[in-house]
1. Could you give each residue of the stretch 107-116 its phi-based ³J(HN,Hα) in whole Hz, using Karplus coefficients 6.51, -1.76, 1.60 with θ = phi - 60°, and x for Gly or Pro?
2. Could you compute how fast the stretch 65-106 diffuses translationally, taking Rh as the Kirkwood radius over C-alpha pairs and applying Stokes-Einstein at 4 °C with viscosity 1.567 mPa s? Give it in µm² per second.
3. Before I look further, what does the stretch 30-190 give for accessible area per residue, probe 1.4 Å, in whole square angstrom?
4. For VAL126, enumerate residues with amide H under 5 Å from its amide H, sequence gap 5+ or separate chain, H modeled in the peptide plane.
5. Could you sort 159-167, 65-73 so that the peptide with the highest average Cβ count within 10 Å comes first and the rest follow in order?
6. With all protein chains present, how much of the accessible area of the stretch 29-114 (probe radius 1.4 Å) comes from carbon and sulfur, to the nearest whole percent?
7. Order 44-56, 145-157 from most to least packed using the mean count of other Cβ atoms within 10 Å.
Amino acid sequence: MEKPELRREFLRVGAVGAVALVWGTPLDADPACEETEDNIEGPFYKAGAPDRETLLEPGTKGAPLVVTGTVMSTDCKPLGGAILDVWQCSADGVYDNSGYTLRGKVHADKNGRYQLRTIQPPPYRVGEGRYRPAHIHLKVSGPGVAVLTTQLYFPGDQYNKTDSAFRQSLVIHPTDGPKGAKIASFDFRLRRA
Ligand code: FE
């Protein structure tokens, strides 16, 4: 005769397991570690950016901005060895498509912590009377997770409202930091591959 407790346990695990199979999410998925929204890659990604945590070079124009945070999986595990492949336009709204100005691969530490030093990008014109709001592009990758292509946006940009790619969940909130730099924090949460 089957013990009632065992039967209940089987039913519980069975039901959760079935849901997990359907949705492809781990059993310990935590709503606090909800996957970071992806976003369009755009036309200016270029592979082969140098490994560096600062995109600032002598003479780089623009207001300094530091973005820090943790890269983790959607089951809330920090992803040591994660890489953030970052690209953005200059203070003049131009991408460097011949070299690697304002492009770089930032490596997270063993606890998934990263720090990116860059400049505040401006909005830029994409056509007759059309602009993209200020944003930073990233491809975030790590061991055992799917690559996330996304963008970070800024609050109060006049073009946020009209941009079809803009997502509120991807807005960072820079505040005054040391040495005149703005600092902002953003955690990336990547789905298991
Ligand atoms: Fe862009």
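The values are calculated or read from the model by the stated rules, or taken from the named source; none is laboratory data. Being a predicted model, the structure only gives us computed values, none of them experimental. Methodologically, a virtual Cβ is constructed for each residue, glycine included, from the backbone with ideal geometry; neighbour enumeration extends over all protein chains shown. Keep in mind that these areas ignore ligands, DNA and RNA; they rest on the heavy atoms of the full protein, side chains included. Shrake-Rupley method; radii C 1.70, N 1.55, O 1.52, S 1.80 Å.
1. 9, 6, 7, 5, 9, x, 7, 10, 9, 10
2. 105
3. Each residue of the stretch 30-190 exposes 48 Å² on average to a 1.4 Å probe.
4. Those qualifying (amide H under 5 Å, at least 5 residues apart or on another chain) are TYR131, ARG132.
5. So the order, starting with the most tightly packed, is 65-73, 159-167.
6. Using a 1.4 Å probe with all protein chains present, the stretch 29-114 comes out at 55 percent carbon and sulfur.
7. 145-157, 44-56
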